[in-house]
Amino acid sequence: MSKLIKHSQYVPVDVLKRLEQARHHAGLSHELGSEEPAEEIHYHDPSREEAELARKQMLRDAQEFAEGQVRNASEQAEFIKESARLEVDQWWLQRREQDEHLIEVVKSEAYQQGYQEGVSQAEEEMKRKVAEMMEEARNVLADAYRARDVIIQEAEPFLVELSCGIAEKIVEKQLTIEPEFTMDIIKKNLARKREQGLISLCVSPSQFIFVNAAREELSLAIDSQAELQILPDSTVKDHGCVIRSSFGSIDARIDTQLAEIKKELLRIALDTEEGKNGEENA
């Protein structure tokens, strides 16, 4: 409680003296009354009334002071309670904001971590799929190469036969259209026989008259000491020829030359196939 004394609680010194005298007289009367009853004297005492009024005033002041202190204490308690409540609310608000911020940070970190993990997982998955696709593409390409080689190997003999047949027809047609090519073939082969003696030139019966008419021109292709003999030969069925002498013969028939070409092409094709099979087995 406050030690300050309100103005209404102040009692003058003379009033206090009168109160003390009143209490003293009251004590004496009580003592006398115990021996023998005294006659009650009723008289008007202004000092006693003032003391009573002062006492009542002091009681009222004390009651008001106490009520004021209680009221102040209650108000202060309410103020403290309200302040505490506000502080608690503020603390919870700050804590909630911190928690929300922390939640956002955790969510963001989790999102970033999940995003990075997702990106890494997607990259790994993409790399795996690309590797699988590349491996599949390599296998398909290898199968395609093998299939191509098989087709080529299987087709090469047929292609050789077909090419040689086409070439034979083209050569025959060209020699028919331009007979001078036949003479060039015969002269080139006669020039290979640089020897003396009898040289027999065997040609197709259908070409005998044509070739025989060019005897003098053909004789220029052999040695001057050699004798040229032109003979029809049924074994010669095209625009080629067969040249015979004491030192041997030259087969310059077109079909024979094409057969040799075809044979050589087939040999090359077989050698290529065997080489590839050897590489695959290795």
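The values are calculated or read from the model by the stated rules, or taken from the named source; none is laboratory data. Keep in mind it's a predicted model, so treat the numbers as computed, not measured. Because the Cβ atoms are built from the backbone with ideal geometry, glycine has one as well, and the counts that use them run over all protein chains shown. To get the accessible areas, we keep the full protein, side chains included, count just its heavy atoms, and leave off ligands, DNA and RNA. Shrake-Rupley method; radii C 1.70, N 1.55, O 1.52, S 1.80 Å.
Things worth noting here:
- In segment 126-153, the residues that are on the phi < 0 side of the Ramachandran plot reach residues that are open to solvent by 100 Å² or more (accessible area, probe 1.4 Å) and in a helix (DSSP H, G or I) with C-beta atoms within less than 9 angstrom, at least six apart or across chains, in these pairs: 146/280.
- Here residue 186 meets the list (1) closer than 30 Å to residue 203 by Cα; (2) modelled with pLDDT under 80 almost entirely, failing just condition (2).
- From the list 206, 249, 234, 200, the one residue that fits, being assigned to a loop (DSSP other than H, G, I, E, B), more than 23 Å from residue 163 (Cα to Cα) and either among the small types (Gly, Ala, Ser) or at pLDDT 90 or above (or both), is 234.
- Some residue of segment 107-120 being of a type outside the set (Ser, Thr, Tyr), assigned to a helix (DSSP H, G or I), in contact (Cβ under 8 Å) with a residue 12 or more places away in the chain and open to solvent by less than 80 Å² (accessible area, probe 1.4 Å): no
- Applying a threshold of 6 Å to beta carbon distances and a minimum spacing of six or more residues, or different chains, the list of pairs starting in segment 187-199 at a residue that is under 11 Å from residue 247 (Cβ atoms) and free of Cβ contacts under 8 Å to residues at least 24 places away in the same chain and ending at one that is part of a loop (DSSP other than H, G, I, E, B) and open to solvent by less than 100 Å² (accessible area, probe 1.4 Å) is empty.
- Screening residue 157 against (1) modelled with pLDDT of 85 or more; (2) in a helix (DSSP H, G or I); (3) open to solvent by 50 Å² or more (accessible area, probe 1.4 Å) leaves a single unmet condition, (1).
- Options 273, 260, 227: the member that is at pLDDT 85 or above and open to solvent by 30 Å² or more (accessible area, probe 1.4 Å): 227
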